[in-house]
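**Student:** Have a look at this one.
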Amino acid sequence: MTEQGGIRPAVEDDAGEVARLAAVLGYPVAEEEMRSRVRGVLHSDADLLLVAADPGKRVMGWLQAHAAYRVHTGWGVEIVGLVVDPEARRQGIGRRLVAEARRWAEARSAEALVVRSNLRRSESHLFYPALGFSLNKQQAVYRLGLRGSGR
């Protein structure tokens, strides 16, 4: 991204914009909480957090990927979060973020790059196959809130 901005590793000061876009995904979070989360991810060797910035340095999208060795599937990388600002969609930002995640996964000799997408995100189910991903399975996700979070 030249005249359009660039893909770069996130920094702690991106937390406000990352939080703004997390809310677009349906995960609202206060900026200070997001700052703590971003800080944790940035200190993890198993995680990648990228942002896509426009020429004015405004964050227009972000992607988080996590590398893990799973006994049942082997060494792989999962895209655990990807969002592009609704005003900036259809400009190739998501495609470029995924391409960087793929390079990161390949540099770590991952056996696969995986992404899970909520069934209600219909655009995602067109986007990922267009990038070469194939549907592997559909599943239900269950959550047990811990630490008295009530979530």
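**Student:** What are the residue pairs meeting all of these: first residue in segment 118-134, first residue without any contact (Cβ under 8 Å) to a residue 24 or more places away in the chain and more than 14 Å from Arg102 (Cβ to Cβ), second residue aliphatic (A, V, I, L, M) and part of a loop (DSSP other than H, G, I, E, B), Cβ atoms under 9 Å, and 6 or more apart or on different chains?
**Tutor:** Taking only residues 6 or more apart or on different chains, the pairs are Asn118/Val141; His125/Leu119; His125/Leu135; Pro129/Leu135.
**Student:** Quick one: is Arg90 loosely packed, with under 12 Cβ neighbours inside 10 Å, within 17 Å of Ile7 (Cα to Cα) and out of contact with any helix residue (DSSP H, G or I) (no Cβ under 6 Å at 6 or more places or on another chain)? Write out each step before concluding.
**Tutor:** Values: loosely packed, with under 12 Cβ neighbours inside 10 Å: yes; within 17 Å of Ile7 (Cα to Cα): yes; out of contact with any helix residue (DSSP H, G or I) (no Cβ under 6 Å at 6 or more places or on another chain): yes.
For Arg90, the condition - loosely packed, with under 12 Cβ neighbours inside 10 Å, within 17 Å of Ile7 (Cα to Cα) and out of contact with any helix residue (DSSP H, G or I) (no Cβ under 6 Å at 6 or more places or on another chain) - is met.
**Student:** From Leu50, Leu42, Leu113, which residue is at pLDDT 95 or above and closer than 17 Å to Leu21 by Cα?
**Tutor:** Leu50
**Student:** In segment 26-78, what count of residues is obtained for those that are in a loop (DSSP other than H, G, I, E, B) and among the hydrophobic types (A, V, I, L, M, F, W, C)?
**Tutor:** The first filter runs over segment 26-78 and keeps only residues in a loop (DSSP other than H, G, I, E, B), leaving 26-30, 43-46, 54-58, 71-73.
From the residues that got through so far, the ones that are among the hydrophobic types (A, V, I, L, M, F, W, C) too are 29-30, 46, 71.
The total comes to 4.
**Student:** What tally of residues in segment 1-37 results from selecting those that are more than 24 Å from Gly92 (Cα to Cα) and either in contact (Cβ under 8 Å) with a residue 24 or more places away in the chain or touching a Leu at 6+ places or on another chain (Cβ under 9 Å) (or both)?
**Tutor:** Residues meeting the conditions: 1.
The values are calculated or read from the model by the stated rules, or taken from the named source; none is laboratory data. This structure is a prediction, so every number in the text was calculated from the model and none was measured. FYI the Cβ positions are ideal-geometry reconstructions off the backbone, even for glycines, and counts take in every protein chain you see.
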